1. Has the stretch 529-542 got any residue that is at pLDDT below 95, surrounded by fewer than 16 Cβ atoms within 10 Å (Cβ to Cβ) and more than 26 Å from V607 (Cα to Cα)?
2. So how many residues does the stretch 339-398 have that are surrounded by fewer than 20 Cβ atoms within 10 Å (Cβ to Cβ) and farther than 30 Å from A410 by Cα?
3. Looking at (1) buried (at least 19 other Cβ atoms within 10 Å of the Cβ); (2) closer than 29 Å to A393 by Cα; (3) charged (D, E, K, R), find the lone condition where R255 falls short.
4. I'd like to know if the stretch 273-281 contains one or more residues that are in contact with a Ser or Thr (Cβ under 9 Å, 6 or more places away or on another chain), assigned by TED's automatic domain parsing to the domain that holds F535 and closer than 23 Å to L371 by Cα.
5. What about V206, is it crowded, with 24+ Cβ neighbours inside 10 Å and without any contact (Cβ under 8 Å) to a residue 60 or more places away in the chain?
6. Being surrounded by 16 or more Cβ atoms within 10 Å (Cβ to Cβ) and either assigned by TED's automatic domain parsing to the domain that holds A580 or at pLDDT 95 or above (or both) narrows it down to one residue among G642, G678, G683, G709; which is it?
7. Only one residue in S518, S562, S557 is in the same structural domain as Q366 (by TED's automatic domain parsing), over 21 Å from Y230 (Cβ atoms) and small (G, A, S). Which one?
Amino acid sequence: MKIYTSKSNFFLKQTFCLLVFLIFNTPGTGQSAHGEISGKITDAQTGEALPGVNISVLGTVLGASTNLDGEFSIMRVPYGIYDIRISMIGYRKVTVERVNISHDTAPLDIKLMEAPIDIDPVVVSVSKWAQEANNTASAVEVMTGKEIMKRSPIRIEDALEAAAGVQIFQENVNIRGSDGFTLGIGSRVLVMMDGVPLMTSDLGSVNWFMVSPFDLQRTEIVRGAGSAIYGSSAMGGVVNFITRDPGLESKTYVRSVVGFHDKFAQKEWDWSKKTLDYNRLDFVHSKQIDNLGMRISWSRSYSKGYQENFSHERYNLSYKFNYLFPDKSRLSFFGNYMDDNSDLFVLWDNQENASRVISTERGKRQERYGLTLFTKYSRPLSAKAAIELRAYANQFLLGIQAGDLDFSPALGLGGSLQGTYMPFEHASFIWGSDFKYDNTNSQVYGKRKAWQAAPYLQAEWNIRKKFNLTLGGRYDYYKIPKADTLSLATDSTRFVAKDRIFEHFSPKLGLNYHPFESTTLRASVSNGFKFPVIFQLFFDNQEITNITFVANDTLKSETAWSYEFGFKQTITPTWYVEGAMFYSEITDMIEPGVIGVNATFFNTRRVAIPGVEFVSNSRWFDNSLGLKVNLTYLNPHNVDTGKLLLHRQKFMAFVGASYKFKSFEFQVDYKYASRQKGYLFPGRHQFVPQKVADARFFFRWYEYTLMAGVNNLFNYAYTLRDKFLEENRNFYIGWTAEF
């Protein structure tokens with residue numbers, strides 16, 4: 001199972017040589033003259049100092065953040081003329097052009113205006129370094145932490161559906177038709193936290209509850225193939241949760257939300273006479289002591305469930321430490337522990353009893369424990385070069401009573417080395433390598449190990465501030481040695497003891513052009529891939545809800561070519577529109593299938609996903625009225641049969657409106673998705689279009705915010721996957737305090 005083997009080995013050798021060259025030939029500080037950039041950043045309307053503002057010297061790796069008094073200082077800047085970028089979430093980005101750095105450079109006095117819409121946010125998820133979104137060749141959207149908490153006070157993943165082309169199927173995130181429903185197994189969208197993958201080693205899935213909304217500064221969503229920089233799991237896109245750094249001031253945040261589910265519109269579906277309530281409590285405290293910043297957060301979520309056998313109780317504990325050294329190098333530690341004890345509802349009994357689980361699975365539960373640890377060290381080597389080291393470990397335990405399954409802890413260890421080098425003012429190189437080791441020892445897989453190495457290189461050129469050219473590639477080598485032991489249920493005669501090796505080289509070419517100051521055109525062509533995960537290859541002869549899973553250890557890697565052309569037009573400082581045309585052709589896509597009572601994963605020879613996308617985001621009447629519209633039309637289909645892929649829709653739309661008046665704010669969202677046309681399980685189903693409206697109300701009083709809302713306002717009944725009702729109408733109230 002090798003792809004581009006000779007080319008891949010050549011690329012690996014050449015990349016290794018280049019990395020060695022860059023590491024040992026990175027220019028040092030030298031003896032050239034250096035100056036200082038200093039200044040103060042204030043709010044343009046109130047005149048108050050702004051702490052935590054980011055200042056970057058463009059064309060270098062140098063930067064700083066303002067202190068509590070809004071002041072900053074960047075030392076050892078080589079003499080010359082530079083553009084200085086000042087950015088902060090909630091404010092308009094400012095670029096001070098042609099600042100002459102010499103021995104007597106005057107301090108900067110910058111006043112920032114509040115920005116209800118960030119037209120050109122600074123992002124880090126497209127190319128693994130900070131750059132304006134308008135200068136990238138990818139479609140990227142940023143959602144602030146406050147926006148996520150407003151849209152979804154309980155489930156963080158539901159808030160992502162406000163982004164264009166994004167749909168959530170329980171634990172699956174679908175971007176532009178890349179993913180259907182697979183219980184989260186083998187996700188084609190890479191989910192990360194601060195650039196560190198959150199995917200489990202055996203399932204290739206993410207547990208959303210490991211991400212606390214209060215921990216987030218923002219979320220970056222990259223639509224389209226990201227394999228050229230991130231590798232496997234990023235074939236459909238990337239979701240990167242950026243956590244808050246500990247604040248300069250000691251602060252504590254508390255949030256409490258309580259709610260309950262209404263009766264179903266269909267009376268025969270009401271399965272309980274009790275009040276089906278839910279609640280969530282979040283606590284965050286951050287503190288700065290000299291150069292050491294600390295933040296700790298704790299969350300608890302409980303629900304009786306809106307359908308039978310669907311209750312849960314979850315706990316989450318996380319911490320983050322940052323330390324800034326005198327040489328401006330930075331060390332970060334992050335840890336997260338999650339405990340989830342939930343009922344298990346996979347399929348309904350029948351459509352007449354759609355809120356009831358299959359009788360044989362009633363009362364069965366699943367227990368999940370997750371631990372994630374990572375550390376990151378970044379250091380500027382000179383004004384033109386920087387290096388970053390990452391190391392992480394995640395362990396995930398899943399115990400399911402359905403079928404008496406026990407997924408013993410799956411351990412994932414990984415790390416990366418990344419460098420940034422800017423030899424010229426308008427040229428930059430991102431180079432590095434990712435490493436990963438997986439280890440599972442479970443009755444359902446046997447004893448399995450796997451390791452991966454992936455060097456990458458990406459170059460970007462800015463030509464006369466109008467053109468941005470991106471060229472890069474990544475080589476991935478993934479090996480699963482033959483198992484020491486097979487699972488207890490596996491028929492050993494069906495498996496051949498052998499190593500499984502997957503290789504792939506993913507190139508990318510992107511172009512970004514600014515014909516006018518307010519207009520951006522972009523185009524890209526890239527190659528993506530997806531390796532099969534351990535579950536898809538080796539989960540064998542195990543029964544869940546009367547379905548027996550059969551392993552397919554002959555699965556091939558998915559490969560894809562993706563093409564995209566897009567534009568973005570800024571109409572006013574508070575209104576922009578953007579659109580895109582995209583096309584992906586995937587070979588050997590891994591999809592689930594059911595034959596009789598057996599389920600397995602298989603390769604689909606050829607799949608095509610053509611589509612168009614439109615986004616409009618605006619605020620009107622002195623920022624009191626906001627309107628966001630996302631429209632996506634696509635046709636994810638099997639090229640050989642012409643049939644629509646399972647659990648995909650051709651048309652998706654999102655409309656969100658908000659109105660602010662003094663301390664009050666009212667929001668309404670409407671989500672639509674056209675009806676699905678394929679079924680995974682036999683039988684009668686209720687596949688209808690998704691038509692869901694949500695409404696929210698907020699009142700702010702000093703450091704307190706009161707909230708109330710209703711989800712699924714019209715109590716619309718629908719399904720997004722086989723034999724599973726989505727959430728019915730529910731009401732909630734809550735409050736947030738900051739002190």
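1. Checked the stretch 529-542: no residue is at pLDDT below 95, surrounded by fewer than 16 Cβ atoms within 10 Å (Cβ to Cβ) and more than 26 Å from V607 (Cα to Cα).
2. Adding up the residues that qualify gives 10.
3. The failed condition is (2).
4. The answer is yes, given that some residue of the stretch 273-281 is in contact with a Ser or Thr (Cβ under 9 Å, 6 or more places away or on another chain), assigned by TED's automatic domain parsing to the domain that holds F535 and closer than 23 Å to L371 by Cα.
5. Spelling it out, V206 is indeed crowded, with 24+ Cβ neighbours inside 10 Å and without any contact (Cβ under 8 Å) to a residue 60 or more places away in the chain.
6. None of the others qualify; the one that does is G709.
7. Within the list S518, S562, S557, the selection yields S518.
The rows are residues; the columns are (1) surrounded by 18 or more Cβ atoms within 10 Å (Cβ to Cβ); (2) outside the structural domain of G70 (by TED's automatic domain parsing).
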| site | (1), (2) |
| --- | --- |
| D83 | no, no |
| R92 | yes, no |
| R98 | no, no |
| S102 | no, no |
| P107 | no, no |
| S125 | yes, yes |
| Q131 | yes, yes |
| T136 | yes, yes |
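The values are calculated or read from the model by the stated rules, or taken from the named source; none is laboratory data. These figures come from a predicted structure and were not determined experimentally. Methodologically, a virtual Cβ is constructed for each residue, glycine included, from the backbone with ideal geometry; neighbour enumeration extends over all protein chains shown.
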